[in-house]
Each structure stands twice: as C-alpha cells, then as structure tokens.
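The values are calculated or read from the model by the stated rules, or taken from the named source; none is laboratory data. Note that the structure is a prediction, hence the values are computed from the model and not measured. All Cβ positions, glycine included, derive from the backbone under ideal geometry; neighbour counts span all protein chains shown.
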Amino acid sequence: MGMAVFPEWVQAQKMVSELAERLGSTLNEASARSILALKLEGPTPERRQELADKANDGMLTPEEFAEYETYAQLRGLLAVLQSKARLYLKQSETA
C-alpha cells in the first residue's frame, strides 16, 4: 500500500510547504501571535500511538492511513507556520 500512495504523499507535502511559505510571507505581529496560539485538534495521543504502531507494522487500513496522513500533514503545516511566526517576531524585535 505504501508504494502506491508515496508519489501522492510527496506531492501533498510539496503543496503543504508551498502553502506554508506563502502564508508565512503575509505575517504581521497580530497574525504571528495568533498562529503561535493555535493548537491542533486531532486524534488523542493514544489514537496517534495506535496509528503509528499500525503504520510501523504495515497494518493500516486505507481509512486509518488517510487519518494518519492528514493529521501528519496538518501538524507539519502548523509547525512550519509557527516557526515562521517565531522568526517574524524575533526579527521584528531587532528591527
């Protein structure tokens, strides 16, 4: 299953990176602080661990794979945006 969706996953990751880059370039102080305050809702830590374990064992159903992949992509997008927000605020303090 992993090999069949791998190119799609790579393409999705590229799109997430491009989106983060574009959003990051539009920051101001208020939006940067708002982004830093965001918390990602999603599967419970127990559910995430269950999905991770099943992924490591190659036992995810297509539905579980979609759940796991979506959460990972959103978590990655939020991490990049929060990094850009921190950098923006740090640079604006020294300007």
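Can you find a residue in segment 50-62 that is under 18 Å from Ser31 (Cα atoms) and more than 18 Å from the chain's Cα centre (by Cα)? Steps first, please.
Here is the first cut: in segment 50-62, the ones under 18 Å from Ser31 (Cα atoms) are none.
So far as segment 50-62 goes, no, none of its residues is under 18 Å from Ser31 (Cα atoms) and more than 18 Å from the chain's Cα centre (by Cα).
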How many residues of segment 63-78 are of a type in the set (D, E, K, R), in contact with a helix residue (DSSP H, G or I) (Cβ under 8 Å, 6 or more places away or on another chain) and without any contact (Cβ under 8 Å) to a residue 60 or more places away in the chain? The answer is 2
By residue number, the members of segment 28-78 that are modelled with pLDDT of 90 or more and within 21 Å of Gln91 (Cα to Cα) are Asn28, Glu29, Ala30, Ser31, Ala32, Arg33, Ser34, Ile35, Leu36, Ala37, Leu38
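Scan segment 6-35 residue by residue and report those that are among the polar types (S, T, N, Q) and under 14 Å from Gln73 (Cβ atoms).
Residues satisfying the conditions are Gln11, Gln13, Ser17.
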